[in-house]
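Participant: Please read through the structure below; I'll follow up with questions.
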Amino acid sequence: MNNTIFIGGLSWNLQSEDLKDIFSEHATVVSANVIFDRETKKSKGFGFVEFETAEDAAAIKEKFDGAELDGRKVFIDFARKRED
């Protein structure tokens, strides 16, 4: 378990600041990042949110996995470390 979650199924309308605002109401957010396509500049429909503690990340995962954000059902899991 770590302090960063992966969020899939995001609405194309949501920006990084939106994620930060949504989750800051429930836990201390260190950073929020919606991933965008480099060429089209459109959201890829997923992002990452880093919390101050792993406990905060776990609580958010529990509360929001399967919830609806901006009209779309989201999938939340703990982020995995990138392999080089």
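Readers should treat all values here as calculations from the given coordinates under stated rules, not as data from a laboratory. Source: prediction; values computed, not measured. Counting neighbours? That spans all protein chains shown, and the Cβs are built from the backbone with ideal geometry, glycine included.
Participant: Pull up region 29-55, narrow it to residues that are of a type in the set (D, E, K, R) and more than 13 Å from the chain's Cα centre (by Cα), then point me to the one that is farthest from residue 2 (Cα to Cα). Show your work before the answer.
Facilitator: Looking only at region 29-55, we keep the residues that are of a type in the set (D, E, K, R), and these are 37-39, 41-42, 44, 50, 52, 55.
Adding the requirement that they be more than 13 Å from the chain's Cα centre (by Cα) leaves 37-39, 41-42, 52, 55.
Numbers: 37: 26, 38: 28, 39: 31, 41: 29, 42: 28, 52: 10, 55: 8 Å.
Going through the qualifying residues, I end up with 39.
Participant: So, of the residues in region 9-31 that are among the small types (Gly, Ala, Ser) and more than 12 Å from residue 52 (Cα to Cα), which turns out to be surrounded by the most Cβ atoms within 10 Å (Cβ to Cβ)?
Facilitator: Taking region 9-31 first, the residues among the small types (Gly, Ala, Ser) are 9, 11, 16, 24, 27, 31.
The next check asks that each one be more than 12 Å from residue 52 (Cα to Cα); those that pass are 9, 11, 16.
On the way: 9: 14, 11: 15, 16: 17.
Applying the filter and picking the extreme gives 16.
Participant: If I ask for residues that are more than 10 Å from the chain's Cα centre (by Cα) and not acidic (Asp, Glu), which ones from region 65-77 would you list? Explain how you work it out, then say what you get.
Facilitator: The first filter runs over region 65-77 and keeps only residues more than 10 Å from the chain's Cα centre (by Cα), leaving 65-73.
66, 67, 69, 71, 72, 73 - these are the residues of region 65-77 that are more than 10 Å from the chain's Cα centre (by Cα) and not acidic (Asp, Glu).
Participant: Still on this model: For region 58-68, what are the residues that are touching a residue at least 12 places away in the same chain (Cβ under 8 Å) and either outside any helix (DSSP H, G or I) or closer than 13 Å to residue 25 by Cα (or both)? Show your work before the answer.
Facilitator: Step one: list which residues in region 58-68 are touching a residue at least 12 places away in the same chain (Cβ under 8 Å), which gives 58-61, 63-65.
Within region 58-68, 59, 60, 63, 64, 65 meet the criteria.
Participant: Does residue 73 fit the bill of being over 11 Å from residue 6 (Cα atoms), charged (D, E, K, R) and without any contact (Cβ under 8 Å) to a residue 12 or more places away in the chain? Steps first, answer last, please.
Facilitator: Numbers: over 11 Å from residue 6 (Cα atoms): yes; charged (D, E, K, R): yes; without any contact (Cβ under 8 Å) to a residue 12 or more places away in the chain: no.
So residue 73 does not fit the description; no.
Participant: Hey, can you tell me all the residues within region 35-54 that are small (Gly, Ala, Ser) and surrounded by fewer than 15 Cβ atoms within 10 Å (Cβ to Cβ)? Quick ask: steps written out before the conclusion?
Facilitator: Within region 35-54, the first condition is being small (Gly, Ala, Ser), and the residues that meet it are 43, 45, 47, 54.
Passing the criteria: only 54.
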